[in-house]
Every structure is written in C-alpha cells, then in structure tokens.
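No value in this document is a laboratory result; all are computed from the given coordinates. Computed from a prediction, not measured in an experiment: that's the story for all the values here. No Cβ is skipped: glycine too gets one built from the backbone with ideal geometry, and neighbour counts run over all protein chains shown.
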Amino acid sequence: MSQDPAQTGPAGNDGDDDVYDEPIPMMQSLIDNPFLLLFLGVAMPTVLYIVWGVMEIVGIPIAK
Amino acid sequence: MAVNRNFRTCPSTGLVYHEPAEKLIRWNAVAGVVSLLVGGVLALLVTLTRWPAVKLLPPDWFYLALTAHGLDMLVFWIIFFEIAVLYFAASTLLKCRLATPKVAWAAFWLMIVGAIMNNIAVFKGDSSVMFTSYVPMGAHPLFYLGLILFAVGALVAVFVFFGTLVVGKAEKTYNGSVPLVTFGAITAAIIATFTIAAGAIILIPTFLWSVGLVSHIDSLMYRTVWWGFGHSSQQINVAAHVSVWYAIAAIVFGAKPMSEKVSRTAFVLYILFLQLASAHHLLADPGLTSNWKIFNTSYAMYLAVLASMVHGLTVPGAIEVAQREKGFNKGFFEWLRKAPWGNPCFSGMFISLVGFGFLGGISGVMMGTEQLNLIIHNTIYVPGHFHATVVVGTTLAFMALTYFLIPTLFRRELMFPGMAKWQPYVYGLGMSAFSVFMMGAGTLGVPRRHWDMAFSGAAMPHEFPGTAYLMMGLMAVSGLAAIVGGAMYLAVTVGSVFLGKKIQTPGFAHVPVRKGMAPPPVWGPAAVAPSGGHGTIGLGGFVAPGTFVLAMVFLVSFILYYFVNWKYLSTVWPLS
C-alpha cells in the first residue's frame, strides 16, 4: 500500500502555490466544471439516442 | 442545523474519512454484497438449469430465478457498490465532509425498500419478466414500483455526490482539479443521471399500465427508452471500474497516470458518447433507421471505444513505469512478472482489465456492427459478452477494491488470506471461460434465456450440432468454478467484516474540517519521475514497451476477430 489514490497526478491536491499562479487553460476549466459536464452528458444521449429514436418511431405510419 | 465535521485518518493509508460518509460507504457496500449473495445463489440455479445434461429447475422456476438473478446482479449489487464508490471518491479522496448525510441515508433506505419490494414481486412468482421486462409481458405493480423507488434513491445519492463536490470546492479541501479517480467517479455519476432519468421516463408509465391507469405501452417505444436505462446502467459500471483500476494502480504501485490530460479526455469521451451504445439491443428491430442504429452503436464513430483503449493502455502503462522506476527494468515484461500476483487487490484488477478488454471489448464492438449483429442477435453470445464486461470487468474490479477497503474502511484484518490470494484467479478465470463458452455456443445459434435450447416438444424443434451441447456443458462447468470463486469472496469479506480481528486506530480523535484537511501530498519514491523525464527506464525510447507490445497483441486480436466474423457472416447467409 504505497500511495493514496487521491494523489494520482499532479493536478489533484498539489500544495505548491506557484503552480496556481499560471492561468488555467480554457479546456481544463471546462473539464473542471462537473455541472457543465453533467449537462453535456445528459443532453447528448437524450438528443442523439432518445429524441432521435422516438421521432423515428412516431414517424412510422400506422397500419390501416 | 449542526454539521458533523468529524474525521478519521487511516494510519496505514493516510486516507481521511468523514464519519457519516464512512458509515454510508460501509452500509452501501454491505447492501451490495448481500445482493451479490442472493444473485450468486440464483446464478447457481440458472447455470445448472442451462446445463443440458442437468436441467435442474422446471421452466417456471427457471424464469423466476433468471429474473431475480439479472436484477440482483445487474442493478442492486452493482449500483449499491457504485454509490459506495461515489461517496468514497468524493468525501474521502477530496478530504471533505459529505453533503447532507441525512438525505444520503434517506436515499439508501429508499434503495433498500425498492430492492426488497422488487425481489418480493419476483419471488411471489407472478413477475418472471426477466431483467428487460419487455411489454406487453406484464409484471406485478410492485415490480415496477420497487425499481422506481430504487432508481429515485440512487438518483438522490448521485446528487449527494455532486453536492459533496460543491462542499469540497467551497470549503477548499482540495486545490486545482479533482483527482483523476474522482473525475472517473464524476463520469459514472453523469452517466447514472441519464440512465435513471431514462428509466423513470419508461418505468413510470409502465407502472401506471400495470395498475390499469394507462391502456397501452408501445413495445418498440418501450424497448428504445428502456435500453437507455438498461444498457447505460452498464456504462456506469465501465466508468466506475476504470476509476477503480486507476485507484488500485495508485494504491498498490504508487503509479500515476502516464498522461492526466489524455486520461481525463478519455473520460470526457465516455461522458459524451458511451451511453449511445444502448442501440446495440435494437439492431434487429424494424422501425428504426440504419442511420440511427449505425450512429448510435458506433459510440459516435468509435470515440468512446477509443477512450476505453486509452484507459486499457494507460493503466498498465502507468503500472509498468512505476515498476521500472523501482528497478524492474529488464526486457519487456520483468515489470509484469515481478508484479505482486499474490496480492488479490492487484491480481483482481489486472484480470479485470485484461478480461474486459479482450473478451468484453472486442465482442462488444463486433456485436455492435449492424450486419455482424445478425449472426448472434438474441443468442447466448449476448450474455457471454456482458458477463465479460460486467462480471469479469466490473464485479472483479469491485472485489479487488474490497480487499483494500476491508482494513482501511472496516478496520478489520483480512480473514482467510490464503483464500483471498486465490479468489481472483478462481473467479476471474472461471468467469472468463464461462463467457468464452457462452459466446462459442451463441455463435452456433444457441438462444439466450430459453429454458430448453432444443425446443423439445415444440412443433418445430431445432437440432443443434454436438459442439453446441459441448459448449453449454463447458460453460456450466466454468460457471460452477466462478460460483466457487464468488463464494470464496463472500467467505473472505463477510468473515472479515463480522469476525475479523479489529484494527485499532492509534490516536483516533475527532477533528474539525479545516484541521481535517490532509497535508499536501508527498510523492512516494515510485511516483516521482526523475527530473528530465523517466530517466533510463524502458527500451528503444519507449518508457512502457511491455504495455506497447500488449496493446499490439490486443489490436491484432481485435482486427482478426472482427474480420473472421465478416467471413462467418458470408457463410451463414450466402447470397448466391
């Protein structure tokens, strides 16, 4: 048992203040926002899988 | 309102546990293991019934057992344990208090009530509709109500997880980005949110239909929306067990990811595209266009598959780099030969990784191809595939994590360490063989779910070749080996948690949250890259050449298997 998994990587919990003087790259700030990811992660399959699929089913002609 | 800010630091791992979170992690893990026990007993009955030479249960009992086995394993065991993983990844890894523990307990009890209600409905005997519960087959209203309550509880627990992220950020218990393992848990939580929402959209009207308030549920509409729940729930597992792989690599080897950016990007690809694969199950359904089927089953043109391959490369790659930096630097595979194969935490994780990639991953991409899917659609190949992903991949990874959690979380010494050492091999190899033989039988056309593969007594019985019966027999024998492995896991975990020797925590004291923050991490020797890169480790300019070789073996296997199936398709459906 040699290391705490919380310490996997330099981005997490690094105590060196100098690192935070650098501007945070835009992509990192987007990825660091869990609620933006939550929105994307729900919207993408809702539109591409459910809404698209349901629209196709609704568009099937009803047998006479 | 008083807020519990009591923390405990584990003396052996340095992990910081918030008291209410610790209790919730334990109770959710225990509820998961109880579900695994019930599901495991049912697995024995199902296996012995599908063994043509034994056929243990009569048909009605077989369908009952199969229904309960599917739900207890695929829903209750996995999701209870995943909630434990979410709380661990948020509260413990971020070293912060759990948001709203009372709400988390309400969620837990809602899940318990839902799981019990659903099991009662099934064991009463009038809800043998199997895991998929396709309409117009109807189950008892309690069946649907139980699932809805469980799903609502799980959704509330997921929001407690998100709330905990907010608490950690607000109370500054961590700086910068969350750790990668927590990021993987965020991925799992996001997929869970979509999954549970899809379940609610279809199960609530189905419940109303079961009590007579809705007159009709369209079967194709049901299947389409239900699989948004049914398949995506397995994608929560993928994100969760990949996080567990990263965690175990860090725990056992002090390994850090080869590239944080690449690993995080791979998780983002999961968030965006992994859930689309639900369309796998509808490839033979009329009414949905090929455009919808191909786009969705491609995981949006294979980007989520790429993400899995990235994780499959970076986890062993990180282990290889850590091992080489410790001095195991000879040849391609000294790092792997001298890995701690007697540590069930590592061996379970590694078998999970290899089994998930080679068996579950390759077969999943093959069966997700619209044309190839025709060879194996609704055959026993399909459960062969998902036993490789969910059981070898997820369940074994969770079992491996348990061996780490028992001393640190339950504060008990591991009982039967000899048995624990062998358990991942018996379970992982037994279940891998079980999956392979299922897939072999499925390729020969043996149907899934059916009590009697020969359709004896039917107007049009089917003659299978002797090889199919051999495959089913070997499947059952391997399944029995896996069940023995599952029983070994239960003996070790239940024995350790209830009867294991207590580990005393010296200097245990309650501390306020600000003081409860751990000091900045000190990188262990294995985790520190020498200045100027990885120094002299590796071969031919590669820091992880062994992993590169393994990745090439994987790619060649993938390509061969994929094209062999195209060849096979041409023989089963000749056009001349």
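Here are the numbers:
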read-out	value
Distance violations [Cα-Cα > 18 Å] among A:Lys64/B:Lys293; B:Lys23/B:Lys95; B:Lys95/B:Lys261; B:Lys338/B:Lys421; B:Lys95/B:Lys172; B:Lys23/B:Lys102	A:Lys64/B:Lys293; B:Lys95/B:Lys261
Rounded to 10°, Cα long-axis angle of helix B:141-170 versus longest principal axis of chain B	20
Helix B:344-355 vs. chain B, principal-axis angle (Cα, 0 to 90°, nearest 10)	40
Relative packing of peptides B:77-84, B:123-130 - highest average C-beta neighbours within 10 Å first	B:77-84, B:123-130
On Cα atoms only, tilt of B:466-499 relative to the major axis of chain B in degrees	30
Anisotropy class of segment B:1-84 from Cα gyration tensor, a/c 1.5 cut	prolate
20 Å-binned pair-distance histogram of the protein assembly as shown (Cα, whole percent)	19, 56, 24, 2
Cα centroid separation - segment B:215-288 against segment B:312-326, whole Å	25
Förster radius 30 Å - calculated FRET efficiency between B:Val113 and B:Ser219 (Cβ-Cβ, nearest 0.05)	0.55
Ordering of B:270-281, B:537-548, B:206-217 by burial proxy (mean other Cβ atoms within 10 Å per residue, highest first)	B:270-281, B:537-548, B:206-217
Spherically averaged projected area of chain B from its Cα convex hull (nm²)	28.3
Extension gain from B:Ala53 to B:Glu463, taking 0.36 nm per residue of separation minus the Cα-Cα distance	146.0 nm
Within-11-Å neighbourhood charge of B:Phe328 [Cβ basis; K, R +1; D, E -1]	+2
For segment B:31-132, diffusion coefficient by Stokes-Einstein and Kirkwood Rh (Cα), 25 °C, 0.890 mPa s, µm²/s	163
Peptide B:178-190 - average C-beta neighbours from other chains (10 Å radius)	5
For residues of B:250-261, the mean tally of beta carbons on other chains within 10 Å	4
Neighbour cut-off at most 12 other Cβ (10 Å), DSSP loop, trypsin sites (Lys or Arg not before Pro), segment B:296-367	B:Lys330
Averaged over B:274-286, number of beta-carbon atoms from partner chains that fall within 10 Å	2
FRET efficiency estimate (nearest 0.05) - Cβ-Cβ, B:Phe416 to B:Ala454, R0 41 angstrom	0.45
Estimated distance in nm for a label pair at B:Glu334 and B:Val553, the labels positioned 7 Å out from Cα along Cα-to-Cβ	1.9
Förster radius 51 Å - calculated FRET efficiency between B:Gln504 and B:Leu569, Cβ distance, rounded to 0.05	0.25
